[in-house]
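Asks: After the structure tokens below, expect a handful of questions from me.
The values are calculated or read from the model by the stated rules, or taken from the named source; none is laboratory data. Everything quoted here is computed from the prediction, not taken from an experiment. Please note: Cβ atoms are built from the backbone with ideal geometry, for glycine as well, and neighbour counts cover all protein chains shown.
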Amino acid sequence: MPDTPGALHRAAEIIKKYNGNINRIQFDRRIDPGTVFYEVTATDEAYSGITKELAEIGYLQTSLKPLNFLKFAIFLPHRPGALFEFLGYTTAAGANIAYIDFDDRGRHPDRLTVSLSLEQETEIERLLDQLKSRYRLEILEYDTTGKHLDDTVFYVRYAQDVRELIGDSEEPFLMSFLADTNHMAQELTDRGCNPRQAFDSVLRTGRSMNATNGEHFYADVQIFSVTKDTLLYCFQPPCGGSLFIIRTPAEMVMIDTGYGIYHDSVMKMLSRYGLGDGRSLSRIIVTHADADHCGGAGFFHVPVFMHEGTLDILRTNNRAYGSTSDHSSLDEFYTKMINLFSKFNIPQDVRCFKKPGGIMRGSFPVIGTFVVGDLSFEVLDGLGGHTYGQVFLYEKEHALLFTADSVINFASMTKDRADYSSLAAFLVTSVNVDSTKATRERKELLAIAQETDATLAGTGRKCLICGGHGAVSVLENGKLAVAGTIEQYRAREPD
């Protein structure tokens with residue numbers, strides 16, 4: 001929309017004419033002085049009328065194609081009307097001037113420097129031909145990728161940044177994603193956050209995953225001998241949650257999968273640790289629905305076990321499903337965004353744990369059991385603190401407790417991992433859909449670990465707490481301490 005008095009009123013008048021109801025409006029000159037977001041409820045017939053009239057007056061944006069950016073200098077004659085004549089050419093070409101600089105008392109008294117953007121590349125060529133025929137001209141920058149656009153077309157530039165993360169996509173999808181991003185920024189602004197930080201955090205999330213994949217992939221690795229025939233592996237990727245492998249002579253079971261975008265890198269890592277190409281994998285246990293814990297599950301052709309609430313979250317594409325989160329709209333956007341950037345691959349062969357049957361482990365209902373070699377696990381139903389449907393896994397005899405994202409040794413996380421995790425915390429204001437329940441989950445899980453340690457007194461063993469992020473840890477004087485040793489895997493071996 002034009003940055004002129006009455007523009008908002010004119011658009012609202014058209015919407016009112018067709019009895020459209022404005023559900024949301026957002027405009028912030030600090031972000032983009034020419035873009036306004038409207039969400040309107042209307043009949044199909046009214047919608048057609050509204051969009052037709054908005055398009056006729058040039059208000060309706062239906063494309064996010066990168067604009068062409070041109071920066072040049074021309075040498076104007078010193079006479080009245082010279083600038084007016086020049087601007088006639090740029091106006092006729094439909095150019096949007098972002099920068100213009102001229103001072104006849106400056107270092108270059110006859111030089112005019114201009115930056116502008118145009119939608120059609122042919123218009124730039126035509127404009128340049130016209131200017132070259134009348135003025136001495138120097139091209140300073142010419143870009144068709146959208147990288148040099150200024151903030152007067154912020155959303156067009158932002159769309160180009162998103163394209164670089166997800167590849168080419170259809171315009172309606174990109175427009176919808178941009179509207180969702182704007183809605184998220186609007187809510188965060190209402191909560192006192194900087195809107196620019198919101199957009200930046202979205203891009204940093206996608207760029208962080210892309211920058212740490214392939215030959216740049218790495219992981220922190222811990223290996224534990226649980227029994228004579230059973231090994232436990234913990235792999236911490238650069239971004240997101242840990243994935244675990246329990247290996248026995250007969251089979252291999254995976255607990256959580258990491259992001260889908262990391263799948264090829266993970267498989268190469270598993271191969272280097274002698275865990276094969278996935279053929280010996282018999283099943284996957286998913287602790288909860290966040291993409292960094294189950295986004296790679298669909299790449300494996302094995303049964304995937306999860307809570308029915310986790311399956312519901314996957315179906316609705318909203319991590320706030322099943323909760324009373326006070327930031328549910330942020331959770332909904334974040335789920336769509338992270339699933340898109342991380343290449344979430346939904347599993348096909350899903351098998352849900354049973355409903356609670358009255359058996360309890362502390363405050364947690366036992367909703368299933370499973371055996372892996374010498375190990376016998378209980379599946380504990382969470383309280384819905386981090387997400388609805390999050391489960392915990394407990395093996396009492398051999399002292400293993402998988403706590404998902406309810407107990408994490410944050411002190412063991414590197415700065416890069418902690419910085420990445422902080423992006424999610426900012427975008428949803430809290431990674432827990434119910435902070436009160438999350439606090440209780442953590443307290444109850446630590447109580448189980450303490451009770452287990454009490455039964456192991458004098459054996460030299462402690463309960464291994466396998467958190468969803470950070471290192472596998474044990475309790476020492478009531479605090480989490482890294483268990484065993486950590487080695488680092490790198491996809492590209494150092495020279």
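Asks: Can you tell me which residue among ALA438, ALA447, ALA411 is assigned by TED's automatic domain parsing to the domain that holds CYS234, more than 25 Å from the chain's Cα centre (by Cα) and in contact (Cβ under 8 Å) with a residue 12 or more places away in the chain? Please lay out each step first, then the result.
Replies: On the way: ALA438 fails: more than 25 Å from the chain's Cα centre (by Cα); ALA411 fails: more than 25 Å from the chain's Cα centre (by Cα).
Going through ALA438, ALA447, ALA411 in turn, the sole match is ALA447.
Asks: Please tell me if ASP220 is crowded, with 20+ Cβ neighbours inside 10 Å and acidic (Asp, Glu).
Replies: Details: crowded, with 20+ Cβ neighbours inside 10 Å: yes; acidic (Asp, Glu): yes.
Taking the combined requirement at face value, the residue satisfies it.
Asks: Taking the range 246-271, which residues are part of a loop (DSSP other than H, G, I, E, B) and not small (Gly, Ala, Ser)?
Replies: Pass one, the range 246-271, residues part of a loop (DSSP other than H, G, I, E, B): 248-251, 256-259.
The answer is THR248, PRO249, GLU251, ASP256, THR257, TYR259.
Asks: Given the structure, is LEU275 more than 22 Å from ASN432 (Cα to Cα), assigned to a loop (DSSP other than H, G, I, E, B), without any contact (Cβ under 8 Å) to a residue 60 or more places away in the chain and assigned by TED's automatic domain parsing to the domain that holds ILE313?
Replies: So LEU275 fits the description; yes.
Asks: Looking at the range 465-484 only, could you name the residues that are under 21 Å from SER363 (Cβ atoms) and outside any loop (DSSP other than H, G, I, E, B)?
Replies: Step one: of the range 465-484, the residues under 21 Å from SER363 (Cβ atoms) are 465-468, 475, 478, 480.
Scanning the range 465-484 gives ILE465, CYS466, GLY467, LEU475, LEU480.
Asks: Another question, if that's okay. Within the group GLU476, GLU487, GLU451, GLU444, which residue is among the acidic types (Asp, Glu) and exposed (fewer than 12 other Cβ atoms within 10 Å of the Cβ)?
Replies: None of the other options fit; the residue is GLU487.
Asks: Still on this structure: Which numbered condition trips up HIS288, out of (1) more than 24 Å from GLY484 (Cα to Cα); (2) part of a helix (DSSP H, G or I); (3) in contact with an Asp or Glu (Cβ under 8 Å, 6 or more places away or on another chain)?
Replies: Unmet for HIS288, out of (1) more than 24 Å from GLY484 (Cα to Cα); (2) part of a helix (DSSP H, G or I); (3) in contact with an Asp or Glu (Cβ under 8 Å, 6 or more places away or on another chain): (2).
Asks: A follow-up question, please. Give the residues of the range 15-51 that are part of a helix (DSSP H, G or I) and farther than 24 Å from ASP180 by Cβ, sorted by residue number.
Replies: At the first step, the residues of the range 15-51 found to be part of a helix (DSSP H, G or I) are 15-17, 44-51.
Passing the criteria: LYS16, LYS17, GLU45, GLY49.
Asks: Given the structure, is LEU76 crowded, with 16+ Cβ neighbours inside 10 Å, out of contact with any Pro (no Cβ under 6 Å at 6 or more places or on another chain) and either in contact (Cβ under 8 Å) with a residue 12 or more places away in the chain or among the hydroxyl-bearing types (Ser, Thr, Tyr) (or both)? Steps first, answer last, please.
Replies: Details: crowded, with 16+ Cβ neighbours inside 10 Å: yes; out of contact with any Pro (no Cβ under 6 Å at 6 or more places or on another chain): yes; either in contact (Cβ under 8 Å) with a residue 12 or more places away in the chain or among the hydroxyl-bearing types (Ser, Thr, Tyr) (or both): yes.
Considered against the rule, which asks whether it is crowded, with 16+ Cβ neighbours inside 10 Å, out of contact with any Pro (no Cβ under 6 Å at 6 or more places or on another chain) and either in contact (Cβ under 8 Å) with a residue 12 or more places away in the chain or among the hydroxyl-bearing types (Ser, Thr, Tyr) (or both), LEU76 comes out as yes.
Asks: Right, next: Sort out which residues of the range 287-313 are among the aliphatic types (A, V, I, L, M) and touching a Pro at 6+ places or on another chain (Cβ under 8 Å), and write them in order of number. Give the steps one after another, and end with the answer.
Replies: Pass one, the range 287-313, residues among the aliphatic types (A, V, I, L, M): 289, 291, 297, 302, 304, 306, 311, 313.
Passing the criteria: ALA297, VAL304.
Asks: Among the numbered conditions (1) part of a strand (DSSP E or B); (2) over 25 Å from the mean Cα position of the chain (by Cα), tell me where ALA454 comes up short.
Replies: (1)
Asks: If we keep just the residues of the range 79-125 that are closer than 15 Å to ARG136 by Cβ and within 40 Å of the chain's Cα centre (by Cα), which is surrounded by the most Cβ atoms within 10 Å (Cβ to Cβ)?
Replies: Residue satisfying both the conditions and the ranking: VAL114.
Asks: Here's another thing I want to ask about it. Considering only the range 338-387, state which residues are more than 25 Å from ALA291 (Cα to Cα) and in a loop (DSSP other than H, G, I, E, B).
Replies: Scanning the range 338-387 gives PRO356, GLY357, GLY358, ILE359, GLY362, SER363, GLY373, ASP374.
Asks: I'd like to know if the range 169-176 contains one or more residues that are under 24 Å from the mean Cα position of the chain (by Cα), closer than 30 Å to LEU427 by Cα, assigned to a loop (DSSP other than H, G, I, E, B) and not assigned by TED's automatic domain parsing to the domain that holds ASP32.
Replies: Looking for residues that are under 24 Å from the mean Cα position of the chain (by Cα), closer than 30 Å to LEU427 by Cα, assigned to a loop (DSSP other than H, G, I, E, B) and not assigned by TED's automatic domain parsing to the domain that holds ASP32, one finds at least one in the range 169-176, hence yes.
Asks: For ASN213, which of the numbered conditions (1) closer than 25 Å to HIS263 by Cα; (2) buried (at least 19 other Cβ atoms within 10 Å of the Cβ); (3) in contact (Cβ under 8 Å) with a residue 60 or more places away in the chain; (4) not acidic (Asp, Glu) fails to hold?
Replies: Tallying (1) closer than 25 Å to HIS263 by Cα; (2) buried (at least 19 other Cβ atoms within 10 Å of the Cβ); (3) in contact (Cβ under 8 Å) with a residue 60 or more places away in the chain; (4) not acidic (Asp, Glu), ASN213 fails exactly one: (3).
Asks: Mind checking which pairs have a first residue in the range 58-69 that is closer than 8 Å to GLU119 by Cβ and at pLDDT 70 or above and a second that is of a type outside the set (Phe, Trp, Tyr) and surrounded by fewer than 14 Cβ atoms within 10 Å (Cβ to Cβ), Cβ under 6 Å, 6 or more apart or different chains?
Replies: Every condition considered, the pairs that remain are ASN68/GLU121; ASN68/THR144.
For (1) in contact with a strand residue (DSSP E or B) (Cβ under 6 Å, 6 or more places away or on another chain); (2) over 27 Å from THR403 (Cβ atoms), each residue gets a yes or a no:
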{"residue": "ARG157", "(1), (2)": "no, yes"}
{"residue": "THR181", "(1), (2)": "no, yes"}
{"residue": "THR189", "(1), (2)": "no, yes"}
{"residue": "CYS193", "(1), (2)": "no, yes"}
{"residue": "ILE223", "(1), (2)": "yes, no"}
{"residue": "GLY240", "(1), (2)": "no, no"}
{"residue": "LEU243", "(1), (2)": "yes, no"}
